[in-house]
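The values are calculated or read from the model by the stated rules, or taken from the named source; none is laboratory data. All figures in this text were calculated on a predicted structure; none of them were measured in a lab. Counting neighbours? That spans all protein chains shown, and the Cβs are built from the backbone with ideal geometry, glycine included. Quick note on the areas: whole protein, heavy atoms, side chains included, nothing else; ligands and nucleic acids left out. Shrake-Rupley method; radii C 1.70, N 1.55, O 1.52, S 1.80 Å.
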Amino acid sequence: MSSAARSITRQEIDAACGGIDLPRPPAGIHDVGDGDFDAIGREFLWNLVHHAGLQPGHRVLDIGCGVGRLALPLTAFLDRDTGSYVGFDVAAGAIRWCQDEIASRYGNFSFRAVDLRHALYNPGGALDPLSFAFPVEEAGIDLAAAISVFTHLPPDVMAQYLRQVRRSLAPGGRFFCTAFFLDDAVRARLRAGTCRIPFRADDPAFWQEGHVDYPGAAVAVDLDWFLKAAAQAGLAPAAPVIRGHWPDDAGGEGFQDMCVLRPLDPAAAAAAEAGG
């Protein structure tokens, strides 16, 4: 694809991805949620291009990459000589499949299994997520993505991931994430009682579990808290949050909210940290 990535249309992405000659993961290897595997991967590739400025020569970090739903379309987008991809996940079987079927064919793609502890997805994990360092060099990434990751993390782990994102991003880099963000307007929408996840409109806490009996299955967090945690990590919004339709299936570009962050300059980051 052309380096003029911002001019690429959805149709061009669909056409390029339609030529991907790679197997698709077998059913049951890892839960990637509802919807068409290929269509959702292409949709998020388009989001990265048009909302986060992804370019073919970028170095990409895929946080919680799963079984390659984003990696597969990226094989048709990233330049094999100048672009690169690193993905990591707690699902060892999914990572093995990605290593065998994607990294074996694309030398600029790599996948890491990390035994991070998670209440739902990896309760016996040996690594504490609060001290986990992303498996990339400092300032070694142009674009980091966390798709359906912050929707499963408690706030203290979110804050640690934001710090690691900032450490990983090169100057001018971008971080694209999806989340369930709470504010007064969202809580008003939740009061209609049509949300597919049982979040509680009148819960006064700054975060909540959607399924109290299954910690980590669905997590919502106050947008104000998230942006403050991002600022303390040295990140700021690159554009307004793009709202999803998760609260009531009304409007929204996708199901989850989408947010793009950029690194703060050192002076602004220091001021945000001091104000924390």
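Some notes on this structure:
- Computed lengthening from Ala39 to Arg200, 0.36 nm per intervening residue step minus Cα-Cα distance: 54.9 nm
- Dipole axis of the chain (+1 Lys, Arg; -1 Asp, Glu on Cβ), positive-most option in Ala133, His118, Gln256: Ala133
- Since only His51, Ile95, Tyr161 are under comparison, the one whose Cα sits farthest along the positive direction of the charge dipole of the chain, derived from C-beta charges on Lys, Arg, Asp and Glu, is His51.
- Region 30-138 gives an Rg/Rh value of 0.97, both radii derived from C-alpha positions and Rh following Kirkwood.
- Ellipticity estimate at 222 nm from DSSP helix runs (n ≥ 4, -39,500 (n - 2.57)) divided over the chain, nearest 500: -8000 deg cm²/dmol
- Solvent accessible area, Å² - His245, 1.4 Å probe, full protein context: 40
- In this simple spin-label approximation, Ser104 and Leu120 carry label points 7 Å from Cα along the Cα→Cβ vector, and these lie 3.2 nm apart.
- In the chain, the portion of solvent-accessible area held by carbon and sulfur atoms comes to 52 percent [1.4 Å probe, whole percent, DNA, RNA and ligands not counted].
- Stretching Arg96 away from Lys228 to a fully extended chain increases their span by 43.9 nm, per 0.36 nm per residue minus the current alpha-carbon distance.
- Extent along the principal axes, Cα only, for the chain: 50, 45, 42 Å, with the longest axis given first.
- In degrees, nearest ten, helix 155-168 long axis to first principal axis of the chain (Cα): 40
- Note on region 159-276: along the principal axes its Cα atoms extend 44, 26, 24 Å, ordered by decreasing extent.
- In terms of the mean number of neighbouring beta-carbon atoms within 10 Å, the peptides 65-76, 160-171, 232-243, 143-154 order highest first as 65-76, 143-154, 160-171, 232-243.
- Rounded to the nearest 10 Å², the accessible area of Glu101 at probe 1.4 Å: 50
- For the chain, the Cβ-based charge dipole about the Cα centre amounts to some 340 debye (Lys, Arg positive; Asp, Glu negative; other atoms uncharged).
- Counting charges near Ala126 (Lys, Arg +1; Asp, Glu -1) among other residues having Cβ under 9 Å from its Cβ returns a value of -1.
- Two-site label geometry, Asp156 and Arg10: point separation in nm, points 7 Å out along Cα→Cβ: 4.2
- Distance from region 190-244 to region 74-138 (C-alpha centre basis), Å: 25
- Accessible area of Trp225 in the full protein assembly, 1.4 Å probe (Å², nearest 10): 60
- In this calculation the C-beta distance from Glu137 to Asp213 is compared with R0 = 45 Å, giving a FRET efficiency of 0.65.
- Residues Asp249 and Ala188, FRET efficiency given R0 of 22 Å [Cβ-Cβ distance, rounded to 0.05]: 0.90
- Å² of accessible area per residue within the chain, as computed with a 1.4 Å probe and no ligands counted: 44
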